[in-house]
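Okay, structure first, notes after.
A short reminder: the numbers here are calculations on the coordinates, not readings from a lab. Everything numeric here is computed off the predicted structure, so don't read it as measured data. So basically every Cβ, Gly included, is an ideal-geometry build from the backbone, and we count neighbours across all protein chains shown.
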Ligand code: SF4
C-alpha cells in the first residue's frame, strides 16, 4: 500500500491541514497546490488519510 493524493478531490485553495499532522513531514505542499507525498519518508501511519476532510488522501494498492 502507498499513499496517493487524489488531486481532483482537493480544492487546492488552502493550506493543507494534513501536512501539519504528518509525524515525519512526508507531505509537502507548494503554495495551495495539492500536497505530494514523499514515499521514502512516509511511514504509512494513515493520519493524513483520516485528517483530510475531502478524502483527497487515500491508501492505494501499489
Ligand atoms: S501516512 Fe502518515 S507518514 Fe505517510 S504521509 Fe500520511 S501522515 Fe505522513
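Some points to look at:
- Top-ranked residue in the stretch 28-43 [being surrounded by 12 or more Cβ atoms within 10 Å (Cβ to Cβ) and in contact (Cβ under 8 Å) with a residue 24 or more places away in the chain; ranked as nearest to the ligand (Cβ to nearest atom)]: 42
- Candidates 58, 12, filtered to the one that is at positive phi and either more than 10 Å from the chain's Cα centre (by Cα) or surrounded by fewer than 17 Cβ atoms within 10 Å (Cβ to Cβ) (or both): 12
- Looking only at the stretch 18-27, residues that are in contact with a helix residue (DSSP H, G or I) (Cβ under 6 Å, 6 or more places away or on another chain) and either over 18 Å from residue 60 (Cα atoms) or surrounded by fewer than 14 Cβ atoms within 10 Å (Cβ to Cβ) (or both) come to 1 in all.
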